[in-house]
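A.B. asks: Have a look at the structure that comes next, please.
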Amino acid sequence: MPRTAIPTATLACVILLATGLSARADRYWILFRDGTMVLADRFADGDAWSDNAQLPHRMLFAADNPVCTLRDNQLELPPPVASYVLLANGDVLPGRVLKYVPASVDDNRPAHLILAPRCCIESADAEGLTVRADRVLRIVSGGPAPVHSAPGTLVFADGKTLVAKSVRFSEDGVKALSDDGVVNARFDELVEVHVPKVDRMAAVLDDGFALPLHDEGLVGRLETVDGAVITYRRAAARADVEEPDPRTPQRNRPPARRLAYLRPSWSLDTVRVPVDAVFQQTFRPTYELPLSLMRATVLREDRGIHYWPWRRNRNVRGERLGCGPLVVGLGLGTHSQSQIAFDLPVGAEQFTALVGLDNSVGEQGCVTLRVFHDRSQRKPAFEREYLRGSDLPVPIGPLDLSGAKQLILMTNFAHNGRPEDADPLDVGDHVNWLLPTVTVRADPVARSVRLRQFVPGWNRWTLNDVDAERLIASVRWDRRLGRWEAVIDTNHPEGFTLERAVPEVSDATDLLELVVSPDEEVERWRIELSADGEVLEPITSEPVMGPSVRARHRRFPEQIDLGMVFRWDLQAFRGRAVKLALKAVPERGAGGLQWRSCILTAAAANPPPGRSRLGRAVPEKQGDLHSRPR
């Protein structure tokens, strides 16, 4: 796929040809990357979750022109949800927070919140949705919150408001530091929590680059009929049929469901979404970032006859972003007069968008628009005088962003010289910036760092940049376990080496345990551990078993092979520092390894064969690639 943004000039031309399409009653409305719009009443082959999905006479995910937006016209946009968690990447999870779980050394899971969803989303974790705590931007449980609130704002159920300097999660609530000291509040005492100092840019970059795949692929963003929004990589998404519990009487047994199994960057576990609950999806290449998800600063927002604050991914009324036949899920809604500055990522190259007045104003409204790079720029990079409601969306760009740190969008009153029949003042000045996109050169985070974040158990090890470039990372859907697995492969004859400096080996860290699969591939890899240059023989190398998720309805679930577990005894190094090197070298033609876990644990809990067992061998959460810490 060429690294060019959506061709907005072509798109604007196609809009003119497509205005008559909106009157048709076809089920699906599809916008392709080259700007063409298609209406279809069915798929000729597969669906939006199939790589070979095909409309009549057209592929949905053709490499040179994939789908950009897909909407199911039989489903409707849900009303605003009253209780939800807003994440730093713009995802929305309807539900309430149950508790906070701090980071765990035992199973390498980062600090996270557990949510009880109030929507169709399901989690592989029986407790609820597991959401990384450092990705939570806002928690709302008392109805629609203000469009914008100061970071650190807490709103209590009794109406009191507090603006804190910092907010930290506790087991059942938050701890807020204010000028008057530390305030503790339970989740059920709060109706709004606006978490400060959340890294929006890191969250947006994670959506595309957290999976360090060589294939750039597409990032998907789905919206459900009950208000959920989830961003995911298509490489880690698939749909499958879930059969009902056979123990349920036939007369009460629900029909089989088709579920999408996703791997969002903010989740510690696989997320399930009913396919028939998705009413719209948006797709973009990994190197294209939505401007609407980036950190913004309001430089100016004046009141006219009415006050309409700017919004992310909605128009200023809080409704869908629509201009003519275009109705999209990513964009910005502004009103005259406003100036909004957005922070740009490192390596930003181009900016593209379409801009027009919202469908709700009809032919009303008249504004002038300008786009600047940084505040010091005198001449605008883009300017449009007298944009009216009767006009078609106007293409912007591609604008060169080389060296720019901010992008400023200006929506101004069109007073001087405005057309005589235009509405006065700011009447109808509802502007929509559709699909505003920033193209980046590459992931600013080193590949070796991404790999250590991606593979379970690698976070405490180091990987040199040379080995990192040799590694081929991918994900594999394990249907037996109902989750995505991290797969590591290399074609280099020297393989790769992980290194780790242990400050002091103790009775809690005197055994290294590695679990990899499948067995037939493990046998074709040479895996060895050395300590301070001395090669150690594993004390055990044996299969490890576990229950299949496909048999969870059974009283005695089927036990399946989870791979091979290797254990190395480090008791000889107790009380002193040691440098470990874990080397993996494949035979010619060997396949990739599913890397399930790699941890230091206690030898007393994992005795060799022939001795009594004092603890479990494999941490329950280590098999899921979502368990990696950040």
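The values are calculated or read from the model by the stated rules, or taken from the named source; none is laboratory data. What you are looking at is a predicted structure, and each value in this text was computed from that prediction instead of being measured. Note that we place each Cβ from the backbone using ideal geometry, even for glycine, and neighbour counts take in every protein chain shown. Each accessible area value is taken on the protein alone, full model and side chains, heavy atoms only, with ligands, DNA and RNA left out. Shrake-Rupley method; radii C 1.70, N 1.55, O 1.52, S 1.80 Å.
A.B. asks: If I compute solvent accessible area with a 1.4 Å probe over the protein chains, what percent of it on the chain is carbon and sulfur?
C.D. replies: Carbon with sulfur: 49 percent of the solvent-accessible area.
A.B. asks: Residue by residue through the range 438-444, which ³J(HN,Hα) values in whole Hz follow from phi under the Karplus form 6.51 cos²θ - 1.76 cosθ + 1.60 (θ = phi - 60°), with glycine and proline marked x?
C.D. replies: So the J values, rounded to whole Hz, are 10, 8, 10, 6, 6, 5, x.
A.B. asks: Leaving ligands, DNA and RNA out of it, rank PHE566, PHE32 by accessible area with a 1.4 Å probe, largest first.
C.D. replies: Working: PHE566 25, PHE32 0 Å².
Most to least solvent-accessible, the answer reads PHE566, PHE32.
A.B. asks: Same structure, new question: Using the Cα centre of the chain as origin and beta-carbon charges of +1 (Lys, Arg) and -1 (Asp, Glu), tell me which of MET37, ALA381, PRO151 is placed farthest towards the positive end of the dipole.
C.D. replies: Of MET37, ALA381, PRO151, it is PRO151.
A.B. asks: Once you charge only the Cβ atoms, +1 for Lys and Arg and -1 for Asp and Glu, what is the size of the charge dipole of the chain about its Cα centre, to the nearest 20 debye? List each step's numbers first, then the result.
C.D. replies: Working: 79 positive and 83 negative charges, 119 e Å.
For this selection, approximately 580 debye.
A.B. asks: Let me ask another. Any idea how far the Cα center of the range 192-225 sits from the one of the range 519-534, in Å?
C.D. replies: Between the Cα centre of the range 192-225 and that of the range 519-534, the gap is 35 Å.
A.B. asks: Shifting gears a bit: How large is ³J(HN,Hα) for each residue in the range 166-183, as worked out from phi by the Karplus curve 6.51 cos²θ - 1.76 cosθ + 1.60 (θ = phi - 60°), to whole Hz, x for Gly and Pro?
C.D. replies: In residue order, the calculated couplings are 8, 9, 10, 7, 10, 4, 10, x, 9, 10, 10, 9, 10, 5, 9, x, 8, 10 Hz.
A.B. asks: A further question on this structure: Restricting things to alpha carbons, tell me how big the range 79-186 is in terms of Rg and Dmax, in Å.
C.D. replies: According to the Cα coordinates of the range 79-186, Rg and Dmax are 14.2, 42 Å.
A.B. asks: Once you charge only the Cβ atoms, +1 for Lys and Arg and -1 for Asp and Glu, what is the size of the charge dipole of the range 72-148 about its Cα centre, to the nearest 20 debye? Kindly include the intermediate steps, with their values, before the conclusion.
C.D. replies: Values: 7 positive and 9 negative charges, 68 e Å.
Rounded to the nearest 20 debye, it is 320 debye.
A.B. asks: Once amide H atoms are placed 1.01 Å from N in the peptide plane, what residues at a sequence separation of 5 or more from LEU218, or on another chain, have their amide H within under 5 Å of its amide H?
C.D. replies: Here ARG234, ALA235 satisfy the definition.
A.B. asks: Next up: Projecting each Cα onto the charge dipole of the chain (Lys/Arg +1, Asp/Glu -1 at the beta carbon, about the Cα centre), which of PHE283, SER83, TRP458 comes out farthest on the positive side?
C.D. replies: Going by the charge dipole, the pick is SER83.
A.B. asks: At a 1.4 Å probe radius, which order do LYS99, LYS197 fall into by accessible area, largest first? Numbers along the way, then the final one.
C.D. replies: Values: LYS99 70, LYS197 180 Å².
Solvent-accessible surface, decreasing: LYS197, LYS99.
A.B. asks: To the nearest 500 deg cm²/dmol, what mean residue ellipticity at 222 nm is calculated for the chain from DSSP H runs of n ≥ 4 alone, each contributing -39,500 (n - 2.57), summed and divided by the residues?
C.D. replies: On the way: 5 runs with 39 residues, N = 630.
Dividing the helical sum by the residues of the chain leaves -1500 deg cm²/dmol.
A.B. asks: Here is a follow-up. Can you tell me the accessible area per residue over the chain, all protein chains present, probe 1.4 angstrom, in square angstrom? Intermediate values should be presented prior to the final figure.
C.D. replies: Details: 26970 Å² over 630 residues.
Accessible area per residue: 43 Å².
A.B. asks: Here is a further query. Find out how many positive minus negative residues lie around ASP465, taking Lys and Arg as positive, Asp and Glu as negative, among other residues whose Cβ is under 15 Å from that of ASP465. Walk me through the intermediate numbers first.
C.D. replies: Details: positive: ARG447, ARG450, ARG452, ARG470; negative: ASP443, ASP467, GLU469, GLU494, GLU499.
Around ASP465, the charge tally is -1.
A.B. asks: A follow-up question, please. Placing unit charges on C-beta atoms (Lys and Arg positive, Asp and Glu negative, everything else neutral), compute the dipole magnitude of the range 61-204 about its Cα centre in debye, rounded to 20.
C.D. replies: Taking the Cα centre of the range 61-204 as origin, the dipole is about 340 debye.
A.B. asks: Still on this structure, please answer the following. Taking all protein chains together and a probe of 1.4 Å, list LEU211, LEU162, LEU392 from the most accessible to the least accessible.
C.D. replies: Details: LEU211 5, LEU162 35, LEU392 70 Å².
Of LEU211, LEU162, LEU392, the descending order of accessible area is LEU392, LEU162, LEU211.
A.B. asks: Same structure again: With every protein chain left in place and a probe of 1.4 Å, what is the accessible surface of THR334, to the nearest 10 Å²?
C.D. replies: 10
A.B. asks: Hey, another quick one. Note down the net charge around GLY397, summing +1 for each Lys or Arg and -1 for each Asp or Glu among other residues with Cβ under 14 Å from its Cβ.
C.D. replies: Details: positive: ARG370, ARG384; negative: GLU288, GLU349, GLU383, ASP400.
Here the charged neighbours net out to -2.
A.B. asks: If the limit is 28 Å between Cα atoms, which of LYS165/LYS405; LYS99/LYS405; LYS379/LYS405 go over it? Please list the in-between numbers first.
C.D. replies: Numbers: LYS165/LYS405 26 Å; LYS99/LYS405 38 Å; LYS379/LYS405 16 Å.
Among LYS165/LYS405; LYS99/LYS405; LYS379/LYS405, the Cα-Cα distance tops 28 Å for LYS99/LYS405.
A.B. asks: Could I ask something else about it? Need the list of aspartates and glutamates near LYS160 for cross-linking: C-alpha distance under 12 angstrom, and skip anything on the same chain fewer than eight residues off.
C.D. replies: Filter leaves GLU189, GLU192.
A.B. asks: Another question, if that's okay. Please report the relative contact order for the chain, taking Cα pairs under 8 Å with a sequence separation of at least 6, and give it as a percent rounded to a whole number. Don't jump to the answer; show the numbers that get you there.
C.D. replies: Values: 1576 pairs, mean separation 73.8, N = 630.
It comes to 12 percent, rounded to a whole number.
A.B. asks: Still on this model: So what's the gap between the Cα centers of the range 249-271 and the range 287-356, to the nearest angstrom?
C.D. replies: 34
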